[in-house]
1. Restricting to DSSP H runs of at least four residues, report the calculated mean residue ellipticity at 222 nm for the chain, -39500 (n - 2.57) per run over all residues, nearest 500 deg cm²/dmol.
2. As a footprinting exposure proxy, order 50, 204 by other Cβ within 10 Å, with the fewest listed first.
3. Using +1 at the C-beta of Lys and Arg and -1 at the C-beta of Asp and Glu, which of 207, 94, 159 has the Cα lying farthest in the positive direction of the dipole of the chain?
4. What ratio of Cα Rg to 2.2 N^0.38 Å holds for the stretch 69-171?
5. In whole angstrom, note down how far apart the Cα centers of the stretch 14-70 and the stretch 123-152 are.
6. Spin-label point model (7 Å from Cα, Cβ direction): what's the residue 179 to residue 13 distance in nm?
7. Please arrange 51, 194, 42, 161 by how many other C-beta atoms lie within 10 Å of their C-beta, fewest to most.
8. Within the stretch 122-164, name every residue whose backbone N is under 15 Å away from a label modeled 7 Å from Cα of residue 116 along the Cβ vector.
Amino acid sequence: MSFITFRRYHMDEALQRAKFYGKVLDVGGKKDNKRGIFRPPLDKVESWEYLNIDKSTNPDYNCSADNIPVDDETFDIVMLAEVIEHIENPVEVLNECVRVLKKDGNLIITMPFLNAIHADPYDFQRWTDFKFNLELEKLNLTNITIQPMGGVFAVIYDLILVSLNGASKNKSAFKNRFIRKFLMPILAKGFLFLDLKYEYKSKYITTGYYIVSKKSVKK
């Protein structure tokens, strides 16, 4: 097993298991300069388009997600992976994402919870599973599933790793780089074992969430 953080590991694993089809809008996704190991299954979809305010990522839509320049019910899947924490007006963005989502289409969201502050360019909030349920139900979304991604040992490992990264500029930088590059990958296997063993605690202590919901046809 080789990965940077448990957060990224669990997110990549969840997205690799997801069933993508039709037209996909990747809100906040990066066509260029990607992170992690997940890559869009382009052979299984009709199209995969990106929306991002960062022009350097080569988005199909270089704009804010609260005003998407497409017609209603355009996409079969809208995905916001590690995006909502960086959005100043998340409820408005979710409304817009639902607007461009086809009936019976899926909204896929990942969001960190117990995770270090990370500006991209800003970091505004963390939502609990209760908050996600509340906001998605307000949008009349159904079939809501919210899956915790990693428990207490995943959180501890990630915080240690981030702390070592943050300390890389001080006089102990060499030692921290050595620990981060050689020791932490070895420890990761033990932390993963413990995390899986105490997985039931992830309901209260987790790196974040993987959420899927459906825009159902009104009867």
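1. Details: 6 runs with 67 residues, N = 219.
Rounded to the nearest 500, the figure is -9500 deg cm²/dmol.
2. On the way: 50 20, 204 11.
Ascending Cβ contact count within 10 Å gives the list 204, 50.
3. Farthest towards the positive pole: 159.
4. On the way: Rg = 16.4 Å, N = 103, 2.2 N^0.38 = 12.8 Å.
In units of the globular-protein estimate, the stretch 69-171 measures up at 1.28.
5. A separation of 21 Å, based on Cα centres.
6. Calculated label separation equals 2.5 nm.
7. Values: 51 25, 194 16, 42 11, 161 21.
Least to most surrounded, the residues fall as 42, 194, 161, 51.
8. Inside the label zone: 123, 155-164.
Computed from the coordinates by the stated procedures, all read-outs in this text should not be read as laboratory data. Treat the numbers as computed from the prediction; the structure is a model and nothing was measured. Note that each Cβ is placed from the backbone with ideal geometry, even for glycine, and that neighbours are counted across all protein chains shown.
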